[in-house]
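Please read the structure below before turning to the comments.
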Amino acid sequence: MRFFVWILFFCMAEMTLAQTTLDWSDLSEGISWELPSPEAIFPGFQQASFSDKMKTLEGKQVTIIGYFLVLDGKQSVYLLSKNPMASCFFCGNGGPETIVDLEFTEKPSFVMDELLSIKGKLYLNEKDPNSAYYRIENANAISFK
């Protein structure tokens, strides 16, 4: 019995170390932007610089809680947001650091503004103007319905 308890404790400790729970303040404090040069191909896009903390998390399992957003009619572009769409997720309540691109392995069945806990691999975007600055791939979600 004691052996079983020891193995259980070890496995739980290993799972805890294997992922990091992020708060939205981690994302906002973990990024800064460089002013675009006049010669930039996309002058409205600001190149991001990430903190050392965020760089160490790239490619690692993370968990974050936020609101599910669907941004196209085909229902194939998904975001996690600090704020729900109903409260204008991007106008006045936050900037580009308050959204995360989500890449699921299968099409999710969640609805707009559903509160989710997302777990997956975190990737940072410094240069692609067609994506959010943060992306979670192989996303798995749990709803708080």
**Report entry** Filtered residues of segment 55-69 (kept if in contact with a strand residue (DSSP E or B) (Cβ under 6 Å, 6 or more places away or on another chain) and not in a loop (DSSP other than H, G, I, E, B))
**Finding:** 57, 61, 62, 63, 64, 65, 66, 67, 68, 69
Query raised in the report: Yes or no: residue 65 surrounded by 18 or more Cβ atoms within 10 Å (Cβ to Cβ) and either within 20 Å of residue 141 (Cα to Cα) or not acidic (Asp, Glu) (or both)?
Result: no
Report summary line: Within segment 107-145, of all residues that are over 17 Å from residue 82 (Cα atoms), touching a Phe, Trp or Tyr at 6+ places or on another chain (Cβ under 8 Å) and of a type in the set (D, E, K, R), the one surrounded by the most Cβ atoms within 10 Å (Cβ to Cβ) is 137
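Per-residue answers, yes or no, for (1) in contact with a Leu (Cβ under 7 Å, 6 or more places away or on another chain); (2) farther than 17 Å from residue 27 by Cβ:
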position: 52; (1), (2): no, no
position: 58; (1), (2): yes, no
position: 68; (1), (2): yes, no
position: 80; (1), (2): yes, no
position: 87; (1), (2): no, yes
position: 109; (1), (2): no, yes
position: 130; (1), (2): no, yes
position: 140; (1), (2): no, yes
position: 145; (1), (2): no, yes
Query raised in the report: Would segment 98-121 turn up any residue that is part of a loop (DSSP other than H, G, I, E, B), among the charged types (D, E, K, R) and in contact (Cβ under 8 Å) with a residue 60 or more places away in the chain?
Result: no
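Take the residues in segment 31-54 that are of a type in the set (D, E, K, R) and not in a loop (DSSP other than H, G, I, E, B), then tell me which one is modelled with the lowest pLDDT.
Only one residue fits best here, namely 34.
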Query - segment 122-143, residues that are part of a loop (DSSP other than H, G, I, E, B), within 18 Å of residue 68 (Cβ to Cβ) and in contact (Cβ under 8 Å) with a residue 40 or more places away in the chain - result: 132
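The values are calculated or read from the model by the stated rules, or taken from the named source; none is laboratory data. Nothing here was measured: the structure is a model prediction, and the numbers come from that model. Cβ atoms come from the backbone with ideal geometry, glycine included; neighbour counts cover every protein chain shown.
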